[in-house]
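The structure appears below as structure tokens.
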Amino acid sequence: MPICKSFPYSTYIRLLFPTLFEKLNKIIYLDGDTIVLKDLLSMYNINIDKYYFVGQYSNGINHEKFFKYSKHYINAGVLLINLLQQRKDKTEKKILNWAEQNKKYLTLQDQTIINYCFIDKVGLLPPEYGIFSNSFEFYVNRTKNFTLGKFNRIEYEKAYNEPSIVHFYGTNKPWKKNGEGRYYWNQWWENAKFSGIYNILLNRYKKEKFFGIIIYNNNDNLNNYLYYFGQIKLLSYFKYIHFINNENIDKYKGKQIKVLINKIIDNKIPSKNITPIFISFEIDKIFDNIKILEYLKKYQPIGCKNYFTLNYLLKNKIKSYYIGNYLTLLGYKNKKNKRNNKIYLDFNISSYLIIYKDLIEIFEQYENEEYIFFKNNFNLFTIENKKFKFAEDLINNFSYAKLVITNNINIAYICHGLKTPVILMINNIEKYNFENLYKIFNLYTLYNNKLIENFIFDKNQHIINKYMDEKILNIIEKKFKEFIS
């Protein structure tokens, strides 16, 4: 049987229960990340004669893209299993044959097999038996006309308030700091007191470090997710990351947490429970709140994203230094040595028609290249994981590209770090720091009503990037490591 990186081989044992428990007709299976709050006799007595497996409806179906699926796709963490019927139908042989034919598609191992090998033999448990600890916040709170599987909002609310089993589904577990504050988190720790290893769990929990990332309400913005992904990637060696909404940054009352802050919005000063680091910090306008300047002085020196911010802070006697955009470091850490023949065009031709005609001369120097208009379908995604995946795929695609032409400054910074040749095209460059961009990028823009063409070519007349100060990248990386140590 194939093994997925995220799951141990032992998950397949569930499929062998009919043989392992040959004297039993029915069995309840629970994952280790569950807690039981009520007697489960009522669950055991549910009639499942026509099913092999009955469990909780799951959105894990988003990971399963290779098969036809039914509306009864279930999560394998909480199951009521019909052992008697499986023995009668000799399911183990069917499982082995099916898995051999479809082994490259077993993305969720035994869960894939349960849902697709036995597509007509899977049923749903009432939500109280295995309510996901994130169901309420991720499902019920988001929609008015809520249904999940065959159950409605009212049934889920009742199950959520009076559950029999709570399943801490996902990566944010209650024994890890990234799971702190989840629903029934306190109850999990109360149950843990009776485990015999409570002190071991508690001591391990206390030693874990915790880092925060600020998120913004405008989650339809690709640039935000490039920043989120950038921080997560740069902190990949840092275990637990907590997301804090910018709206609540001044009201945060959780445990002391370290947070990277690159801008202050609406004059909101982070709460005392937030320890900030200012890397790639920028200001859009002069602060009218003197308390913000006093706050910045407490955490100087400040690493500035642009020279406008640097000069403003120095003028206000705040120790500061230029560090640029930390997304450049994200690119630098993911750069590739090999390049394909793809040229990505990340801009709207109708908005840059005059400039685009002039670019044709540059294109003539490239032979046998594939031109790809980058489709920004980011706004089509509603699931957070899909948005992060889109940002990650974008970076991966550009890391191998022959050339990227973009009107997105953040993408340009990433490509610069990737050492992917990039041309930055901007219509309204007046709102940016022109001198700063001119030094860093191959620039094609209108500035003071003049067309600026500022390119560097190699001997084949192919675009190459301008000099990248790797000392600055080393400073950014050093600051990250110092902050989380």
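Tell me which residues, restricted to segment 34-58, are outside any loop (DSSP other than H, G, I, E, B), of a type in the set (A, V, I, L, M, F, W, C) and either modelled with pLDDT under 90 or under 14 Å from Leu125 (Cα atoms) (or both). Reasoning before the result, please.
First, the residues of segment 34-58 that are outside any loop (DSSP other than H, G, I, E, B): 34-36, 41-44, 53-57.
After this cut, where a residue has to be of a type in the set (A, V, I, L, M, F, W, C) as well, the list is 35-36, 41, 43, 53-54.
Matches in segment 34-58: Leu41, Met43, Phe53, Val54.
Taking only pairs six or more apart or across chains, which ones have beta-carbon atoms under 7 Å, a first residue in segment 25-45 that is more than 22 Å from Ser195 (Cα to Cα) and exposed (fewer than 15 other Cβ atoms within 10 Å of the Cβ), and a second residue that is among the basic types (Lys, Arg) and at pLDDT 95 or above?
What qualifies is Tyr44/Lys26.
Quick one: Asp31 ticks every box in (1) acidic (Asp, Glu); (2) in contact with a strand residue (DSSP E or B) (Cβ under 9 Å, 6 or more places away or on another chain); (3) modelled with pLDDT under 90 except a single one, so which number is it?
(3)
Inspect segment 63-86 for any residue being part of a helix (DSSP H, G or I), surrounded by fewer than 20 Cβ atoms within 10 Å (Cβ to Cβ) and either in the same structural domain as Glu190 (by TED's automatic domain parsing) or modelled with pLDDT under 85 (or both) and give the result as yes or no.
We begin by selecting, within segment 63-86, every residue part of a helix (DSSP H, G or I); these are 63, 83-86.
With the extra rule that they be surrounded by fewer than 20 Cβ atoms within 10 Å (Cβ to Cβ), the set shrinks to 63, 84-85.
From what is left, the residues that are either in the same structural domain as Glu190 (by TED's automatic domain parsing) or modelled with pLDDT under 85 (or both) are 63.
For segment 63-86, residues part of a helix (DSSP H, G or I), surrounded by fewer than 20 Cβ atoms within 10 Å (Cβ to Cβ) and either in the same structural domain as Glu190 (by TED's automatic domain parsing) or modelled with pLDDT under 85 (or both): present.
Hey, among the residues in segment 107-132 that are β-branched (Val, Ile, Thr) and touching a helix residue (DSSP H, G or I) at 6+ places or on another chain (Cβ under 8 Å), which one's surrounded by the most Cβ atoms within 10 Å (Cβ to Cβ)? Quick ask: steps written out before the conclusion?
Narrowing segment 107-132 to residues β-branched (Val, Ile, Thr): 107, 112-114, 119, 122, 131.
Adding the requirement that they be touching a helix residue (DSSP H, G or I) at 6+ places or on another chain (Cβ under 8 Å) leaves 107, 112-114, 122, 131.
On the way: Thr107: 16, Thr112: 22, Ile113: 24, Ile114: 25, Val122: 22, Ile131: 27.
Across segment 107-132, the extreme among qualifying residues is Ile131.
I need the full set of residues from segment 267-279 which are surrounded by fewer than 19 Cβ atoms within 10 Å (Cβ to Cβ) and not in a loop (DSSP other than H, G, I, E, B), in order please.
Thr275
How about segment 183-215: which of its residues are hydrophobic (A, V, I, L, M, F, W, C) and part of a helix (DSSP H, G or I)?
As a first pass, look at segment 183-215 and keep what is hydrophobic (A, V, I, L, M, F, W, C): 185, 188-189, 192, 194, 197, 200-202, 210-211, 213-215.
Of everything in segment 183-215, those that are hydrophobic (A, V, I, L, M, F, W, C) and part of a helix (DSSP H, G or I) turn out to be Trp185, Trp188, Trp189, Ala192, Ile200, Leu201, Leu202.
Go through (1) modelled with pLDDT under 85; (2) within 22 Å of Ile244 (Cβ to Cβ) for Ile302 and report which single condition fails.
Among (1) modelled with pLDDT under 85; (2) within 22 Å of Ile244 (Cβ to Cβ), the lone unmet condition for Ile302 is (1).
Looking at Lys439, Lys478, Lys466, Lys471, which is the one that is within 23 Å of Ser280 (Cβ to Cβ), modelled with pLDDT of 75 or more and touching a helix residue (DSSP H, G or I) at 6+ places or on another chain (Cβ under 7 Å)?
Details: Lys439 fails: touching a helix residue (DSSP H, G or I) at 6+ places or on another chain (Cβ under 7 Å); Lys478 fails: touching a helix residue (DSSP H, G or I) at 6+ places or on another chain (Cβ under 7 Å); Lys471 fails: touching a helix residue (DSSP H, G or I) at 6+ places or on another chain (Cβ under 7 Å).
Step by step, each of Lys439, Lys478, Lys466, Lys471 is checked, and only Lys466 is within 23 Å of Ser280 (Cβ to Cβ), modelled with pLDDT of 75 or more and touching a helix residue (DSSP H, G or I) at 6+ places or on another chain (Cβ under 7 Å).
Report every pair of residues separated by at least 6 positions or lying on different chains whose Cβ atoms are under 7 Å apart, first residue within segment 90-101 and closer than 11 Å to Leu15 by Cα, second among the β-branched types (Val, Ile, Thr).
These pairs meet every condition: Glu92/Thr19; Ile95/Ile113.
Could we say that Phe455 is at pLDDT below 75 and farther than 19 Å from Ile372 by Cβ here? If you could, list the steps in order and put the result at the bottom.
Values: at pLDDT below 75: no; farther than 19 Å from Ile372 by Cβ: yes.
So Phe455 fails the test.
When you scan segment 110-137, how many residues do you find that are in a loop (DSSP other than H, G, I, E, B) and either at pLDDT below 85 or polar (S, T, N, Q) (or both)?
Residues meeting the conditions: 6.
Would you call Tyr344 at pLDDT 80 or above, not hydrophobic (A, V, I, L, M, F, W, C) and not assigned by TED's automatic domain parsing to the domain that holds Ile464? Quick ask: steps written out before the conclusion?
Numbers: at pLDDT 80 or above: yes; not hydrophobic (A, V, I, L, M, F, W, C): yes; not assigned by TED's automatic domain parsing to the domain that holds Ile464: no.
Taking the combined requirement at face value, the residue does not satisfy it.
Across segment 280-296, which residue is nearest to Asn262 (Cα to Cα) among those that are of a type outside the set (A, V, I, L, M) and surrounded by 14 or more Cβ atoms within 10 Å (Cβ to Cβ)? Step through it out loud before you land on a result.
Our first condition is that a residue be of a type outside the set (A, V, I, L, M); within segment 280-296, this holds for 280-282, 284-285, 287-289, 291, 294-295.
Subsequent filtering for residues that are surrounded by 14 or more Cβ atoms within 10 Å (Cβ to Cβ) retains 280-282, 287, 295.
Working: Ser280: 6, Phe281: 4, Glu282: 6, Phe287: 15, Tyr295: 14 Å.
Of everything passing the filter in segment 280-296, Phe281 is nearest to Asn262 (Cα to Cα).
The values are calculated or read from the model by the stated rules, or taken from the named source; none is laboratory data. On a predicted model such as this, the values are computed, not experimentally measured, just so you know. Counting neighbours? That spans all protein chains shown, and the Cβs are built from the backbone with ideal geometry, glycine included.
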